[in-house]
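Just so you know, all these numbers are worked out from the coordinates, no wet-lab data involved. Quick caveat, the model's predicted, so the values are computed rather than measured. Using ideal geometry, Cβ is built from the backbone for each residue, glycine included, and neighbour counts are taken over all protein chains shown.
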Amino acid sequence: MDILNLKARELAEGYRNRDFSVEEVTKEYFKNIKEKNGEINAYISLNEENALKEAKEVDEKFRNREELSKIAGIPISIKDNIAVKDLKMTCASKILENFVSPYDAEVVRKIKANDGIILGKVNLDEFAMGASTKTSYFGVTKNPLNTKLVSGGSSGGSAASVAGNMAAISLGTDTGGSVRQPSSFCGTVGMKPTYGTVSRFGVSSMANTFDQVGVIGKDVEDMQSLLSIIEGRDEKDATSVGNESLKDNFDFNNAENSLKGIKVAIPKIYLDMNLDKDIKGEFNKAIDILLENGAIVEEFNIESLKYVIETYHILVNGEIASNLARFDSVIYGHRAENFSNIEEMYRKSRREGFGNEVKRRIMIGTHILSLDLAEDYYYKALKVRGIIKRDMENMFKDYDLMLCPTYPVYPFEINREMSAVEIYAGDLFTIPANMAGCPSISIPMPKKENGLSVGMEFTAKRFKDRELINAAHAFERSLR
Ligand code: GLN
């Protein structure tokens, strides 16, 4: 038996049956990380000593037959924009290269309280801005399915750690697709829950009205096991509400999960698009599978989805410019060496500390928020967001799910030069869920001859996360 190939729930069962110990499994994971990370570059920092200590403690609890949570002893990686006490939290930026978090994010507190084993912090695009991890100060994360390709982003380290058996499950963040797109690139399942389901306390803000913590796993069931733990209203995040229905009484073998009678909408503009041949082929296959299993699939006209990319970048950059203003190098973070006054200290430190993509977004954000432009850009974009939200809500009056591919193309080659605009354009399918705060999941289609699989994205109405997970699980089962 190869321990590293086991799903999280199989690990949990193995612990209960004493087939292996948490310590053995944790050691096995670190061994694999050490063999592979030099090439893949998924991890920025490791938590080895603590993880082994905790593993022994959890073994003790298993020996004492304590009632333990589903994630007890499960090896988990954490995106490096989520705070873990006493570990570095770099956000993949030079400005935080040596920053050690003095506290745990709420999601991390919950993982620890449920005896999950945190293996370390994983790579991302700098401050989660990007779709490839190529904007990381620590270099790109390679795709374990084919190391010439990017792992996707921004949670590329999360997806690669799961795909490369360097973690059983991972936490990422999703502002415009960052959990789902790398999942699609690496053949994993990734879900962004409804905005507000999970506390953002201790999660570095990129665009706070879009950001949500999500989970990446080998399959839907593994993904759900961690999502059910991190869900919840948190006093420390006023935008959090939680979702009780995600708690652990899922019965994945029950007919509750059937696709029969489920109404699926496909936006007409997606069908009319000139998609990559393979991606379109998989999209059609997914539609056939839904129909074969008794779902009702219909075209739906939702014109406003045409404007998601432009609207997203105006709003998100505005939020980025204000959120990243806190990195002033006064109390923490990189500080330039020579300066003659405080103005110059700010300027030089930020110039040295931020990479190009972050600077570009701060500059655009500052520009469009400036007095005479805010009316033309920012407030207009807010209105368009309102329209997109309304149109999606209308769609979900008649439909349970919206379906499309997660990303319009296969993962790109690491060496391929791409303009910012070309990269931004790829997010057209993932952004709508963040615009409207909806839950959205990427499910890998079966692997193709090239060793890659195409992700299919299902999106549901706000707070219908449970229904979304059940339908996604039924879809996943029908692929086997
Ligand atoms: N690729 C998108 C962007 O660059 C999404 C990023 C994210 O979800 N964090 O903005």
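Below is a table of values for the structure above.
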{"item": "Extension gain from Arg326 to Ser245, taking 0.36 nm per residue of separation minus the Cα-Cα distance", "result": "25.6 nm"}
{"item": "Ser340/Ala238 FRET efficiency (R0 51 Å; Cβ-Cβ; nearest 0.05)", "result": "0.80"}
{"item": "Shape call, region 86-232: gyration tensor on alpha carbons, a/c limit 1.5", "result": "rounded"}
{"item": "Label-to-label distance, nm, for residues given as Lys447 and Asn254 (7 Å Cα→Cβ offset)", "result": "3.4"}
{"item": "Label-point separation, Ala420 to Ser45 (7 Å along Cα→Cβ), nm", "result": "2.9"}
{"item": "Cleavage-rule hits, GluC sites (Glu not before Pro), region 406-475, DSSP coil, Cβ neighbours within 10 Å at most 12", "result": "Glu417, Glu449"}
{"item": "Qualifying aspartates and glutamates (Cα of each under 19 Å from Cα of Lys94; at least 8 residues distant if same chain)", "result": "Asp80, Asp86, Asp125, Glu126, Asp328, Glu337, Glu344, Glu352, Glu357"}
{"item": "Sites matching chymotrypsin sites (Phe, Trp or Tyr not before Pro) across region 404-480 that sit in DSSP coil, with at most 16 neighbouring C-beta atoms within 10 Å", "result": "none"}
{"item": "Theoretical FRET efficiency, 1/(1+(r/R0)^6), r = Cβ-Cβ of Lys383 and Asn17, R0 51 Å, to 0.05", "result": "0.35"}
{"item": "Helical mean residue ellipticity (222 nm; -39500 (n - 2.57) per DSSP H run of 4+; nearest 500) of the chain", "result": "-12000 deg cm²/dmol"}
{"item": "Shape call, region 341-457: gyration tensor on alpha carbons, a/c limit 1.5", "result": "oblate"}
{"item": "Cross-link pairs beyond the 25 Å C-alpha cut-off, checked among Lys306/Lys389; Lys31/Lys148; Lys148/Lys280; Lys306/Lys359; Lys34/Lys247; Lys36/Lys79", "result": "Lys306/Lys359; Lys34/Lys247"}
{"item": "Trypsin sites (Lys or Arg not before Pro) restricted to DSSP loop in region 241-289 with at most 12 other C-beta within 10 Å", "result": "Lys260"}
{"item": "Cβ-based net charge around Lys389, under 12 Å, with every Lys or Arg adding one and every Asp or Glu removing one", "result": "+3"}
{"item": "For Ile169, distant residues with modelled amide H under 5 Å away", "result": "Ser77"}
{"item": "Those aspartates and glutamates that a straight Cα-Cα span of less than 15 Å connects to Lys56, excepting residues fewer than 8 apart in one chain", "result": "Glu23, Glu24, Glu28, Glu48, Glu66, Asp115"}
{"item": "19 Å Cα-Cα threshold exceeded, pairs from Lys88/Lys142; Lys70/Lys121; Lys7/Lys27; Lys263/Lys461; Lys88/Lys112", "result": "Lys88/Lys142; Lys70/Lys121"}
{"item": "Antiparallel DSSP beta bridges within the chain, percent to nearest 5", "result": "70"}
{"item": "Cα gyration tensor shape for region 421-480, rounded if a/c is under 1.5, else prolate or oblate", "result": "oblate"}
